[in-house]
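Scroll down for the structure; my scribbles are underneath it.
The values are calculated or read from the model by the stated rules, or taken from the named source; none is laboratory data. Just so you know, these numbers come straight off a predicted model, no measurement behind them. Backbone-built Cβ (ideal geometry, glycine too); neighbour counts: all protein chains shown. Heads up: the accessible areas ignore ligands, DNA and RNA and are worked out on the full protein's heavy atoms, side chains in. Shrake-Rupley method; radii C 1.70, N 1.55, O 1.52, S 1.80 Å.
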Amino acid sequence: MDRRIFLSNALLLAGGSAVPGLSQAQTAPAVVTRDAMRPQFPSGVQSGDARADSAIVWTRSDRPARMWVEWSSTASFANLNRVRGPHLLEDSDFTGRLDLTGLPAGQEVFYRVVLQDLHNERVLSEPMAGHLRLPAASHGKPLRDVRFAWSGDTAGQGFGINEAWGGMKIYEQIRRVNPDFFLHSGDTIYADGPIQAQLKLPDGSTWNNVVTEEVSKVAETLNEYRGRYRYNLLDANIRRLSAEVPQIWQWDDHEVSNNWSDSKDVSGDARYTEKNVPLLVARASRAFLEYAPLRRGPDAESERVYRHLPQGPLLDVFVVDMRSYRGANSANLQADETPDSAFMGRPQIAWLLDGLKRSKATWKVIAADMPIGVQVPDGKDAQGRDKWEAIANGDDGVPLGRELEIARLLREIKRANIRNIVWLTADVHYTAANFYDPRKAKFSDFLPFWEFISGPLNAGSFGPNKPDATFGVQVVYEKAPPSQNVAPSEGYQFFGQVDIDAKTKAFTVNLKDLAGSTLFTKTLPAA
């Protein structure tokens with residue numbers, strides 16, 4: 001029999017029994033299939049970076065395999081389309097992705113992934129089903145309201161998968177609001193935070209973790225960085241959300257090590273035997289790009305994380321990278337813009353300004369991995385001065401250091417009269433609604449705007465952090481724990497939900513907690 005004919009028939013056989021659409025009550029994708037002789041899906045499936053006519057589908061095999069994807073606009077898989085994907089081999093930790101193109105704009109897409117064993121191409125896995133909802137075409141009329149969720153900070157401070165508690169439960173709350181996509185605002189893993197079997201909590205109780213070898217110490221090797229992502233995907237709540245909702249990932253510091261920049265030094269940290277920070281960054285970058293369901297960058301900068309993701313006439317999402325191009329963490333008091341004061345860097349700022357000017361969408365969301373006007377300290381420098389991890393520098397005066405870059409960005413936005421920009425972020429492990437008011441700022445040459453903070457997802461809770469007056473931040477709402485590094489079981493885990501009304505174009509933000517309860521609501525009318 002011709003190999004291609006056999007393969008086509010075999011795939012039909014693999015998906016011959018109807019794979020129903022993913023319902024709200026569906027259990028998480030199984031970690032293993034019934035037949036161990038077939039290729040397995042140890043990390044389930046994910047989708048991401050959805051556009052009107054395309055989306056990334058990601059999976060991981062337990063052995064060398066070829067990835068195949070079948071998709072349809074109906075749950076019955078009538079009129080299915082079959083696409084051959086990449087080989088999944090050892091050099092990528094058996095991960096792979098396929099950019100599905102030619103998809104129907106604005107519609108539901110049902111897909112299933114089949115793995116073809118490369119040791120015996122007649123052996124196929126059971127199909128693993130997934131679902132995603134595409135945005136409308138940017139030039140079309142809004143067909144429906146837009147809803148999405150965001151948060152950040154997963155498995156930090158030693159708080160991993162506590163199965164007796166229900167695992168990483170906030171992911172299930174996010175899934176239940178049925179968002180069009182989920183924006184993970186960084187710290188997708190905590191490579192520098194060992195996860196032990198038990199943590200003693202202040203009230204005398206015990207937090208019990210699932211533990212794997214790779215997460216039991218700080219990540220140094222490529223396998224240990226990869227193991228952090230494998231660990232998170234053991235959680236049933238994460239796998240369920242990943243299979244049903246397309247994601248947008250960005251990164252921050254803990255994908256590598258706490259507060260990493262060019263000044264990061266682990267020479268005195270006994271936990272690390274590998275003292276070469278650039279090498280740690282390289283390994284961490286490889287693991288992130290292997291496991292994130294994001295679209296690859298161009299060859300000129302294949303590891304680029306910042307990108308523009310149009311979500312139809314109502315929304316453009318600009319994912320920025322506040323980590324890869326920054327100068328060293330310092331006292332952050334430079335009087336002029338230099339490489340030392342860079343935060344996003346001139347090329348990225350130019351890209352962002354150009355994209356904002358070109359955008360025809362009603363709303364422009366800047367997905368940031370760190371807040372603007374919140375002080376985030378990073379110890380002391382050699383002179384005993386405070387060092388800073390984010391933009392704010394604790395000096396309430398005119399812009400200095402990294403604030404110079406942000407001041408320039410905000411000034412140019414005003415000059416171009418670009419309206420309806422909202423900043424969304426995480427990082428600081430509490431939730432807040434911040435309004436930036438030029439009438440109350442030391443630097444006032446900008447249009448007023450809102451910044452919303454939400455997190456963590458499954459990590460210790462902290463805050464609130466002190467505001468910095470340079471850009472006139474007004475803390476309209478915040479919720480943080482009464483003490484620092486509070487366990488997830490205390491309930492101080494947060495995510496945000498955004499709803500854009502197709503008729504009024506109003507942008508409504510709901511800050512929510514671990515129980516899915518709404519803590520704060522703000523509706524912004526479209527200018």
(request) Treating the angle as unsigned and between 0 and 90°, give the value, to the nearest 10°, between the Cα long axis of helix 402-415 and the longest Cα principal axis of the chain. (result) 80
(request) Summarise the accessible area of the stretch 186-249 (1.4 Å probe, protein heavy atoms) by the percent that is carbon and sulfur. (result) 53
(request) Would you please classify the overall shape of the stretch 176-276 from the alpha carbon gyration tensor, given that a ≥ b ≥ c denote the square roots of the eigenvalues, rounded means a/c under 1.5, and beyond that prolate means a/b larger than b/c while oblate covers the rest? (result) oblate
(message) Rounded to the nearest 10 Å², what accessible area does ILE413 have for a 1.4 Å probe in the complete protein model?
(response) 10
(message) Along the charge dipole of the chain, pointing to its positive end and built from +1/-1 on Cβ of Lys, Arg, Asp and Glu, which listed residue (GLY193, GLY156, ALA367) has its Cα farthest out?
(response) ALA367
(message) Limiting things to C-alpha atoms, what are the Rg and the maximum Cα-Cα separation (Dmax) for the stretch 331-489, in angstroms?
(response) 15.8, 48
(request) Could you list the square roots of 5 times each eigenvalue of the Cα gyration tensor of the stretch 460-500, that is, the equivalent ellipsoid semi-axes, sorted largest first and rounded to whole Å? (result) 22, 17, 7
(request) Using only C-alpha atoms and all pairs of different ones, pull out the Kirkwood radius for the stretch 72-140 in Å with one decimal. (result) 14.0
(request) Whenever you get a sec, compute what percent of the accessible area on the stretch 268-355 sits on carbon and sulfur atoms (1.4 Å probe). (result) 54
(request) Two decimals is fine: what's Rg over Rh for the stretch 144-225, C-alpha atoms, Kirkwood radius as Rh? (result) 1.05
(message) Counting C-alpha atoms alone, how compact is the stretch 101-257: give Rg to one decimal and Dmax as a whole number, in angstrom.
(response) 18.5, 58
(request) Please name whichever of VAL83, LEU233, SER489 sits farthest to the positive end of the charge dipole of the chain, dipole taken about the Cα centre and charges placed at Cβ: Lys and Arg +1, Asp and Glu -1. (result) VAL83
(request) Keeping all protein chains in position, work out how much accessible area GLU337 exposes to a 1.4 Å probe, and write it in Å² to the nearest 10. (result) 60
(message) Check which residues have an amide H placed less than 5 Å from SER330's amide H, if you skip close sequence neighbours.
(response) TRP388
(request) Give the whole-number value, in cubic angstrom per residue, of the convex hull volume spanned by the C-alpha atoms of the stretch 306-350. (result) 90
(message) From the Cα trace of the stretch 425-509, what convex hull volume per residue do you get, rounded to a whole Å³?
(response) 104
(message) Once each part is reduced to its C-alpha centroid, what is the distance from the stretch 108-144 to the stretch 374-401 in angstrom?
(response) 46
(message) Can you show me the helix-derived [θ] at 222 nm for the chain, built from DSSP H runs with n ≥ 4 at -39,500 (n - 2.57) apiece and divided by the number of residues, rounded to the nearest 500.
(response) -4500 deg cm²/dmol
(request) At 1.4 Å probe size, with every protein chain present, just tell me what the per residue accessible area of the chain comes to in Å². (result) 38
(request) Loop sites only, by DSSP: take the trypsin sites (Lys or Arg not before Pro) in the chain that have at most 11 other C-beta atoms within 10 Å and name the longest stretch containing none of them. (result) 123-270
(request) Could you give me the radius of gyration and the Dmax of the stretch 62-102, taking only the C-alpha atoms into account and expressing both in angstrom? (result) 12.3, 36
(request) State the answer as a single residue: which of LEU457, SER444, ALA432 lies farthest towards the positive end of the charge dipole of the stretch 427-512, with beta carbon charges of +1 for Lys and Arg and -1 for Asp and Glu, about the Cα centre. (result) SER444
(request) Straight distance only, please: which lysines reach the Cα of LYS364 with their own Cα at less than 29 Å, same-chain residues fewer than 8 apart left out? (result) LYS141, LYS414, LYS440, LYS442, LYS466, LYS479, LYS503, LYS505, LYS512, LYS522
(message) Binning at 5 angstrom from zero up to the longest distance, how are the C-alpha pair distances of the stretch 84-181 distributed in percent?
(response) 2, 8, 13, 14, 15, 17, 15, 10, 4, 1
(request) Straight distance only, please: which aspartates and glutamates reach the Cα of LYS360 with their own Cα at less than 13 Å, same-chain residues fewer than 8 apart left out? (result) ASP316
(request) Determine the order of SER267, SER61 by accessible area, beginning with the largest, at a probe radius of 1.4 Å. (result) SER267, SER61
(request) Just tell me which lysines come within less than 17 Å, Cα to Cα, of LYS264; anything on the same chain fewer than 8 places away is out. (result) LYS275, LYS380, LYS387
(request) Starting from the Cα coordinates of the stretch 293-425, work out the convex hull volume and express it per residue in Å³. (result) 125
